[in-house]
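Heads up, the thing below is written out as structure tokens.
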Amino acid sequence: MRRVVLDIMEVLPLPNNWQDIQPDVVYSSTYDLQVSFSDEQIKLGIRYDSKGKHLKAIAKGLVHPQGSIGLVDSQEKGYNLKSKVLGSGGDRRFHAKYVNGILHFPGFVTQH
């Protein structure tokens, strides 16, 4: 009988603040959406999202594009989704793309 060894990747819960996020580690948000962040994205998060609103939007997952905090479709070429927040901090969007089924935030931000 042949044994098959599976390489199981541990998925951690998404932290509430950017300082606790490690680059290229896979985190699980609401509805089992798996996300990861580059070192550049973490730096942008620390710089522009001190209250963690974008992290809350990422944790919430896909939402209707009007009047909601969460992830919505990105209009930027090569990106699938972007974070959307309302109020303070809502003038920026963090864009992400799927890489091997994981939503990866490489460090691309736009102003809305």
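The values are calculated or read from the model by the stated rules, or taken from the named source; none is laboratory data. Here the structure is a predicted model, which means the values were calculated and not measured. All Cβ positions, even for glycine, are placed from backbone atoms using ideal geometry, and neighbour counts span all protein chains on display. Calculation scope for accessible area: heavy atoms of the full protein, side chains included, ligands and nucleic acids excluded. Shrake-Rupley method; radii C 1.70, N 1.55, O 1.52, S 1.80 Å.
Of all residues in region 18-56, which are open to solvent by 90 Å² or more (accessible area, probe 1.4 Å) and outside any helix (DSSP H, G or I)?
Within region 18-56, 22, 24, 50, 51 meet the criteria.
Residue 79 - would you say it is under 16 Å from residue 112 (Cβ atoms), open to solvent by 30 Å² or more (accessible area, probe 1.4 Å), without any contact (Cβ under 8 Å) to a residue 60 or more places away in the chain and hydroxyl-bearing (Ser, Thr, Tyr)?
The answer is yes for residue 79.
Looking at residue 19, is it within 10 Å of the chain's Cα centre (by Cα) and modelled with pLDDT of 95 or more?
no
Within region 57-89, count every residue that is within 14 Å of residue 105 (Cβ to Cβ) and assigned to a helix (DSSP H, G or I).
Result for region 57-89: 3.
With the structure loaded, tell me whether residue 75 is more than 11 Å from the chain's Cα centre (by Cα) and of a type in the set (S, T, N, Q) or whether it fails that test.
Yes; evaluated as a whole, the condition is true for this residue.
Being farther than 14 Å from residue 36 by Cα and in contact (Cβ under 8 Å) with a residue 60 or more places away in the chain is the requirement here; does residue 72 meet it?
So residue 72 does not fit the description; no.
Which numbered condition in (1) more than 20 Å from residue 14 (Cα to Cα); (2) open to solvent by 60 Å² or more (accessible area, probe 1.4 Å); (3) among the β-branched types (Val, Ile, Thr) is the only one that residue 110 fails?
Here residue 110 clears every test but (2).
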